[in-house]
Structure formats: structure tokens, C-alpha cells
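The values are calculated or read from the model by the stated rules, or taken from the named source; none is laboratory data. Small disclaimer: the values here were computed from a predicted structure and weren't measured. As a convention, Cβ positions derive from the backbone with ideal geometry for all residues, glycine included, and neighbour counts pool all protein chains shown. The accessibility values were calculated without ligands, DNA or RNA, using every heavy atom of the protein model including side chains. Shrake-Rupley method; radii C 1.70, N 1.55, O 1.52, S 1.80 Å.
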Amino acid sequence: MGGIEVLQSEAGRPRAQVGSARRGDRGDRGTVATMGPPAFEGEPITAEGLVALKAELHELETKARRDVAKRILTARGHGDLKENGEYHAAKEDQAHLETKIQRLQRRLRDAVVVDEPGDAGVLAFGHTAEVLDEGTGVTNTWKIVGSTEADLSAGLLSAESPVAKVLLGRSAGESVEVPTPRGPRRLRIERLL
């Protein structure tokens with residue numbers, strides 16, 4: 001894992017710093033770290049997730065802002081603003097858009113790109129595996145990603161989920177037991193992709 005240095009944050013929690021990588025100016029570059037202990041400050045994200053986050057933020061800061069501004073300008077042209085529902089709806093949409101942009105900017109600032117470890121023999125952050133539910137016989141293909149990238153319908157499993165926590169660090173052929181509200185669930189890693 002060479003190059004990881006554990007530092008104390010201002011809040012007293014450990015954080016990881018890798019080589020010369022650091023949080024970028026205005027948060028436009030993420031820190032690079034390896035997923036696993038020690039826990040580090042920030043939001044783990046895959047390189048693909050970071051690219052998607054930047055693209056979404058760019059889209060909202062440019063096209064979406066222009067579209068809302070045009071709607072506000074058009075609505076203002078309709079006269080009295082006190083009883084202009086179109087104007088008030090556009091202003092409300094603008095407030096929601098700015099809130100979403102702020103959230104994405106915060107995510108980008110806090111993003112920590114997690115390098116995939118060299119050992120491809122075990123399931124790790126950013127890796128994909130076919131996992132068999134031994135109770136139902138259903139095989140799922142899951143990629144372990146950051147919590148904000150997670151989308152189970154797309155096969156993206158949050159590294160913070162109970163299932164991922166149990167699967168991380170395991171190799172193909174290993175079975176694990178995951179506690180669930182309906183009782184324990186047995187899963188087996190069929191193969192790593």
C-alpha cells in the first residue's frame with residue numbers, strides 16, 4: 001500500500017494522505033487513497049464516480065443554470081410578479097438547483113479517489129464480483145463503490161453496506177454470512193471480474 005501517511009485531522013480523527021496527492025484547489029481533484037483501515041476523512045469514490053460527479057456538476061452549473069435564468073426572465077416579462085405563478089415556480093426551481101449544486105460541490109471537495117489494490121485475488125473497493133445467494137440461488141454481479149455512487153439496480157453496491165463490509169477482503173469461492181432483519185443470509189463469491 002506504500003505511500004499512505006496517516007495524519008490527524010483538525011477534528012482529531014485520522015485521515016490518509018497518499019504521496020503528494022491532496023485535496024485540490026476548489027475541490028476539483030480528489031485525494032487518492034487505498035480503501036481499508038485506517039479509516040480516513042472524506043468520501044470514498046471510484047475514479048469513474050469522480051468523472052461522473054464532475055460531469056453532473058458541470059452540467060448543472062452551466063446548462064441548467066442558464067435554463068432556469070431564461071425561465072425567470074420569461075416569467076418576469078409577463079408582468080406583475082406578486083401573482084405570477086410561473087415566476088415563483090422558476091425562482092423555487094432556481095433555489096433547488098443551487099442547493100443541489102452546493103451539495104455536489106461539497107461531495108467533490110470531500111471526494112477521496114480510492115486506488116484499486118494490486119491484489120486481484122480478493123474483493124476490494126472498485127472491484128466487481130459475481131455473488132451467489134445460497135438461500136435463493138440468485139447470482140448478482142456487484143461492483144463495490146462509494147455510498148454516493150451506490151445503485152443496486154445498476155449493480156453498484158455501497159462499500160458501507162452490511163453485505164459489502166462482509167464481502168470485502170474475501171476471495172472467490174469463500175462463503176460468508178450476513179446478518180439481516182429476516183435472519184442470516186449466506187452468500188458465496190463465485191468469481192471476481
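For Thr62 and Arg106 in the same chain, what is the full-extension length gain: residue separation times 0.36 nm, less their Cα-Cα distance, in nm? If you can, show how the numbers build up before the last one.
On the way: separation 44, 0.36 × 44 = 15.84 nm, distance 1.76 nm.
Contour length minus Cα-Cα distance gives 14.1 nm.
With both labels modelled 7 Å from their Cα along Cα-to-Cβ, the Arg191 to Thr99 distance reads 4.7 nm.
Of all lysines in the structure, the ones whose alpha carbon falls short of 25 Å from that of Lys63, not counting any fewer than 8 places away in one chain, are Lys54, Lys91, Lys100. Within straight-line reach of Lys165, meaning a Cα separation under 19 Å, sit the following lysines at least 8 residues removed in sequence or on another chain: Lys143. Start at zero, step by 5 Å, and the Cα-Cα distances of segment 57-193 spread as 2, 9, 14, 14, 11, 8, 7, 8, 8, 7, 5, 4, 2, 0 percent across the bins.
Shown for segment 63-193: the carbon plus sulfur share of the solvent-accessible area, taken with all protein chains present and a 1.4 angstrom probe, equals 49%.
Evaluate E = 1/(1 + (r/R0)^6) for Ser161 and Thr136, where r is the Cβ-Cβ distance and R0 equals 22 Å; express this FRET efficiency to the nearest 0.05.
Values: r = 18 Å, r/R0 = 0.81.
It comes to 0.80.
So, by mean Cβ neighbours within 10 angstrom, what's the order for 131-137, 153-159 with the highest one leading? Numbers along the way, then the final one.
Numbers: 131-137: 13.6, 153-159: 16.0.
Ranking the peptides 131-137, 153-159 by packing returns 153-159, 131-137.
Other residues whose C-beta falls under 12 angstrom from the C-beta of Arg185 contribute a net charge of 0, scoring Lys and Arg +1 and Asp and Glu -1.
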